[in-house]
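Participant: Starting off with a structure, shown below.
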Amino acid sequence: IRCWSNIPFITMPLSRAHGKSFAHRSELKHAKRIVVKLGSAVVTRGDECGLALGRLASIVEQVSMLQNQGREMMIVTSGAVAFGKQRLRHEILLSQSVRQALHSGQNQLKDMAIPVLEARACAAAGQSGLMALYEAMFTQYSICAAQILVTNLDFHDEQKRRNLNGTLHELLRMNIVPIINTNDAVVPPPEPNSDLQGVNVISVKDNDSLAARLAVEMKTDLLIVLSDVEGLFDSPPGSDDAKLIDIFYPGDQQSVTFGTKSRVGMGGMEAKVKAALWALQGGTSVVIANGTHPKISGHVITDIVEGKKVGTFFSEVKPAGPTVEQQGEMARAGGRALAALQPEQRAEIIYRLADLLTDQREEILLANKKDLEEAESKGRLALPLLKRLSLSTSKLNSLAIGLRQIAASSQDSVGRVIRRTRIAKDLDLEQVTVPIGVLLVIFESRPDCLPQVSALAIASGNGLLLKGGKEAAHSNQILHHLTQEALSLHGVKDAVQLVNTREEVEDLCRLDKLIDLIIPRGSSQLVRNIQKAAKGIPVMGHSEGICHVYVDTDASVEKVTRIIRDSKCEYPAACNALETLLIHRDLLRTPLFDQIIDMLRVEQVKIHAGPKFASYLTFSPSEVKSLRTEYGDLECCIEVVDSVQEAVEHIHKYGSSHTDVIITENEKTAEFFLQHVDSACVFWNASTRFSDGYRFGLGAEVGISTSRIHARGPVGIEGLLTTKWLLRGDNHVVSDFSEHGSMKYLHESLPLPQRNTN
């Protein structure tokens, strides 16, 4: 017997063989048999009289969807009392109005008082109507439902228990959804302390305990308890410091303070937690979530089954490390401590990390070898991704050089004054650079990204959460260990955190109270998924890298093939690789055009013809399916344009505002292109591959942004800073500046302090 909150209860139900609940949310998608418990607050309207029909219809739709997937769904529902109350009130009003009309002989009715309605009578009047409503709703999805009414006595009688168990199994076998409720029309009051009489059962005192008892009896995989709160909080919801508990473990009860129960229903959150823990001990996984929130109620059940971070998940397996929420708080505190360091101290940390990359290269390469061997044995990575995953001595040396560049250029990045204004006498305003806060960087198959991004976060004083791909787990682990070793130099080890828990990317994107900016590094699909999933958190990056090279009529023969070859073939999987080659019409059937085609064939580049280019050819390559294609391989599209103006228009229509190039010897044409192409990077006679933070002299980059606010192109330290305003006064108040006040605004620009250019 476990004692908690002065309520002793049995922790190990013996009515079924001891099962094993799911350890992680990600495993919930394997749940076969599921009980959904609908609390009174979920089923009833806000006036507690009648049902929330729209909400109920949405729940039926989700249950039907899961049932049609081959799962076995059961519903434990409240609502009979509320439905019956609505019907009885209507009958009483109708009866009173008829009697009053007969008595007074008038059509005008006086105010009529509604008597207090007894709950059992309401339940008797409402049960048939509630079931008829469920039947009508499930019929829309070609699913049959069946009603079962139970009382606590049904679980104490062994024969009745076996009958109930057999009935439920038979209904599930026939693909029927059982809808279970306590028979509130006849239910006796619960026996006091009946859980403590030596019987290994939990008393059916309310629908929470009924759902838990039923889940254990039926050896259910998952119990979903829907109420009118988001889940379990560490203090009463609505209080200032209340935090939603993502995962609740047996033994954590003392950290929770319970508030009042919901506006309707028999049990409060304490009863739900007690029932959930009892079911968990019996081998059933439990999630308590909000079934009333209009933004999530339409998919809350399916989200839970898909393993999304919704409500509170009860688990018996406690992870060894901190939760991602705790890591976010650690990164926030560590980032603030990092920003408070002197610039020289932050630079020392980065220099130390650069030294560790070369000093510990053997350990790093050994860990990377494990990742490569595992990826190759499982065959889950394409050749370009394997190349990204691979580290080498030369890569580590280049990383170290880039980190030293970052350290050298970061001396006055944080706290730099960019504007000074004298508002009035002795009232001076400054605008200074400050860190953004906590960054979440999600990256795939590129362990070299970890030290680069860490160095930029350190230089800019930002806290950092890193989520790497599992294919680089060993490499990321040692690189993060070295990063924290460098941070320990000045006691800010927690500023950079590596998320190792089974957090789904979509769940991380919902942590808007912990994360200030998300930066995805990976495939265009990853970036699009993150942009779609992020709720309330800005995303900096690009979903596509559709880069163009335009060959003008005045292009140099020597430059054209070199630039095109480098742009397309040097690293075709990169986001800054050439994808569409635009050629001026006058160059068709010229030696220069033939040289371009020959070079692409030698490099084994597959050519796709654009519509106009195909029209000029008798036997053309395969026509392109879309001019907005990022191939990421040795493939490209060739299209014909009539002028530089048409090239610009094509880029604006089909490009992704990443990197676009003109090859020409005509300076006027080049300047027109540079000024009119609206992309993050626009080059003249240079490869698209120069669009890179290291090549720009930024030391490294957290990514390339194609957005039009904050930062564009390769994003280095400057792109990870924002500003704040500092106002220094001396007893100044706004009323002094009124029409009859004693002070006047000056708004004088003041010189900026001398920058450190060393």
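The values are calculated or read from the model by the stated rules, or taken from the named source; none is laboratory data. All of these numbers come straight from a predicted model, not from anything done at the bench. When we count neighbours, we look across all protein chains shown, and the Cβ atoms used for this are built from the backbone with ideal geometry, even at glycine. All accessible areas refer to the heavy atoms of the entire protein, side chains included, with ligands and DNA or RNA removed. Shrake-Rupley method; radii C 1.70, N 1.55, O 1.52, S 1.80 Å.
Participant: At Val432 and Glu362, where each label point lies 7 Å from the Cα along Cα→Cβ, what is the point-to-point distance in nanometres?
Facilitator: Each label point lies 7 Å from its Cα, and together they span 4.6 nm.
Participant: Which aspartates and glutamates, on any chain, are close to Lys308 with Cα under 14 Å apart, when same-chain ones fewer than 8 places away are left out?
Facilitator: Partners found: Glu27, Glu230, Asp246, Glu503, Glu504, Glu506, Asp507.
Participant: Right, next: Taking 0.36 nm per residue of separation and subtracting the Cα-Cα distance, what length does fully extending Arg89 through Ser735 add?
Facilitator: On the way: separation 646, 0.36 × 646 = 232.56 nm, distance 6.05 nm.
Roughly 226.5 nm would be gained on extension.
Participant: If you keep only loop residues by DSSP, which trypsin sites (Lys or Arg not before Pro) in the stretch 560-637 have at most 13 other Cβ atoms within 10 Å of their Cβ?
Facilitator: Numbers: sites: Arg562, Arg565, Lys568, Arg585, Arg589, Arg601, Lys606, Lys612, Lys625, Arg628; in loops: Arg589, Lys625, Arg628.
Passing sites in the stretch 560-637 are Arg589, Lys625.
Participant: How far is the Cα center of the stretch 458-529 from the Cα center of the stretch 610-677, in Å?
Facilitator: When both Cα centres are located, 37 Å separates them.
Participant: Hey, another quick one. Between Arg419 and Ser622, what is the FRET efficiency for a Förster distance of 45 Å, r being their Cβ-Cβ separation, to the nearest 0.05?
Facilitator: Numbers: r = 55 Å, r/R0 = 1.23.
After rounding, the FRET efficiency stands at 0.20.
Participant: Under the rule of at least 5 residues apart or a separate chain, name every residue whose amide H is placed under 5 Å from the amide H of Val225.
Facilitator: Lys37, Val287, Ile288, Ala289
Participant: Students often check this: by mean Cβ neighbours within 10 Å, which of 29-41, 446-458, 725-737 ranks highest, and how do the rest follow? Write out the running numbers ahead of the final one.
Facilitator: Numbers: 29-41: 21.4, 446-458: 26.9, 725-737: 11.0.
Result, highest mean Cβ count within 10 Å first: 446-458, 29-41, 725-737.
Participant: While we're looking at this one, here's another question. How high is the relative contact order of the stretch 145-185, in percent, counting Cα pairs under 8 Å that sit 6 or more residues apart?
Facilitator: Relative CO of the stretch 145-185 lands at 64 percent.
Participant: If you don't mind, there's one more thing I want to ask. What are the extents of the Cα atoms of the chain along their three principal axes, listed from largest to smallest and rounded to whole Å?
Facilitator: Sorted from largest, the Cα extents of the chain read 100, 82, 70 Å.
Participant: Here's a follow-up. Leaving out ligands and nucleic acids, and using a 1.4 Å probe, what accessible area per residue does the stretch 547-701 come to in Å²? List each step's numbers first, then the result.
Facilitator: Values: 6840 Å² over 155 residues.
Result: 44 Å² per residue.
Participant: Can you list the HN-Hα couplings for the stretch 58-64, worked out from phi with the Karplus curve (6.51, -1.76, 1.60; θ = phi - 60°), rounded to whole Hz and with x for Gly and Pro?
Facilitator: Coupling constants for the stretch 58-64: 5, 5, 4, 4, 5, 4, 5 Hz.
Participant: Can you tell me, using C-alpha contacts under 8 Å and at least 6 residues apart, the relative contact order of the stretch 547-701 as a whole percent?
Facilitator: Details: 273 pairs, mean separation 48.3, N = 155.
Rounded, it is 31 percent for the stretch 547-701.
Participant: Given a 1.4 angstrom probe, what's the average accessible area per residue across the stretch 21-79, in square angstrom? Before the final figure, lay out the partial values.
Facilitator: On the way: 1820 Å² over 59 residues.
Per-residue accessible area for the stretch 21-79 comes out at 31 Å².
Participant: Using all Cα-Cα distances in the stretch 547-701, what percent lands in each 5 angstrom bin from 0 up to the longest?
Facilitator: Using 5 Å bins, I get a P(r) of 2, 10, 20, 25, 23, 14, 5, 1, 0, 0 for the stretch 547-701.
Participant: If you don't mind, another one. Any idea what the dipole of the chain comes to, in debye rounded to 20, about its Cα centre with Lys/Arg Cβ at +1 and Asp/Glu Cβ at -1? Please list the in-between numbers first.
Facilitator: Numbers: 83 positive and 89 negative charges, 326 e Å.
Computed about the Cα centre, the dipole is about 1560 debye.
Participant: In deg cm²/dmol and to the nearest 500, what is the mean residue ellipticity at 222 nm of the chain if only DSSP H runs of at least 4 residues count, each as -39500 (n - 2.57), divided by the residue total? Numbers along the way, then the final one.
Facilitator: Numbers: 23 runs with 285 residues, N = 758.
That comes out to -12000 deg cm²/dmol.
Participant: I've got another one for you. Among the listed pairs Lys370/Lys395; Lys20/Lys309; Lys32/Lys295; Lys369/Lys395; Lys29/Lys387, give every one whose C-alpha distance is greater than 23 Å. Before the final figure, lay out the partial values.
Facilitator: On the way: Lys370/Lys395 17 Å; Lys20/Lys309 21 Å; Lys32/Lys295 27 Å; Lys369/Lys395 14 Å; Lys29/Lys387 33 Å.
Too far apart for the 23 Å limit: Lys32/Lys295; Lys29/Lys387.
Participant: Starting at the first residue of the stretch 207-222, write each ³J(HN,Hα) from the Karplus equation 6.51 cos²θ - 1.76 cosθ + 1.60 with θ = phi - 60°, in whole Hz, x for Gly and Pro.
Facilitator: Result, ordered by residue: 6, 5, 5, 4, 5, 5, 4, 5, 4, 6, 4, 8, 6, 6, 7, 9 Hz.
Participant: Moving on. Order 245-252, 273-280 from most to least packed using the mean count of other Cβ atoms within 10 Å. Kindly include the intermediate steps, with their values, before the conclusion.
Facilitator: Working: 245-252: 18.1, 273-280: 25.9.
Per-residue Cβ counts within 10 Å, averaged per peptide and sorted highest first, yield 273-280, 245-252.
Participant: Hey, another quick one. Pairs of Cα atoms under 8 Å, at least six residues apart: use those to get the relative contact order of the chain, whole percent.
Facilitator: 12
Participant: State the percentage of accessible surface on the stretch 547-701 attributable to carbon and sulfur atoms; use a 1.4 Å probe and exclude ligands, DNA and RNA.
Facilitator: Values: 3290 of 6840 Å².
So the carbon and sulfur contribution to the accessible surface is 48 percent.
Participant: Moving on to the next point. Using 1/(1 + (r/R0)^6) with R0 = 41 angstrom and r between the beta carbons of Lys295 and His710, what's the FRET efficiency to the nearest 0.05? Before the final figure, lay out the partial values.
Facilitator: Working: r = 27 Å, r/R0 = 0.67.
After rounding, the FRET efficiency stands at 0.90.
Participant: Length gain on complete extension for the stretch His676 to Arg120, per 0.36 nm per residue less the alpha carbon to alpha carbon distance?
Facilitator: Values: separation 556, 0.36 × 556 = 200.16 nm, distance 7.66 nm.
Difference between extended and current length: 192.5 nm.
Participant: Please calculate how many Å² of accessible area the stretch 410-518 carries per residue, with a 1.4 Å probe and no DNA, RNA or ligand atoms counted. Mind dumping the intermediate values first?
Facilitator: Details: 3490 Å² over 109 residues.
About 32 Å² of surface per residue is accessible.
Participant: Can you tell me the Rg and the Dmax, both Å, for the Cα atoms in the stretch 406-557?
Facilitator: My reading of the Cα-based Rg and Dmax gives 19.5, 65 Å.
Participant: Per residue of the stretch 439-451, what does 6.51 cos²θ - 1.76 cosθ + 1.60 with θ = phi - 60° give for ³J(HN,Hα)? Whole Hz please, x for Gly and Pro, Karplus curve as stated.
Facilitator: Each residue's phi maps through the Karplus curve to give 9, 10, 10, 10, 9, 10, 6, 9, x, 5, 5, 4, x Hz.
Participant: R0 = 30 Å: FRET efficiency of Cys144 with Lys318, Cβ-based, nearest 0.05?
Facilitator: Values: r = 41 Å, r/R0 = 1.38.
With R0 = 30 Å, the Cβ-Cβ based efficiency is 0.15.
Participant: Would the stretch 628-711 count as rounded, prolate or oblate if I go by the C-alpha gyration tensor, calling it rounded below 1.5 in a/c and otherwise prolate when a/b exceeds b/c, oblate otherwise?
Facilitator: Values: a/c = 1.61, a/b = 1.34, b/c = 1.20.
Judged from the Cα gyration tensor, the stretch 628-711 comes out prolate (a/c at least 1.5, a/b above b/c).
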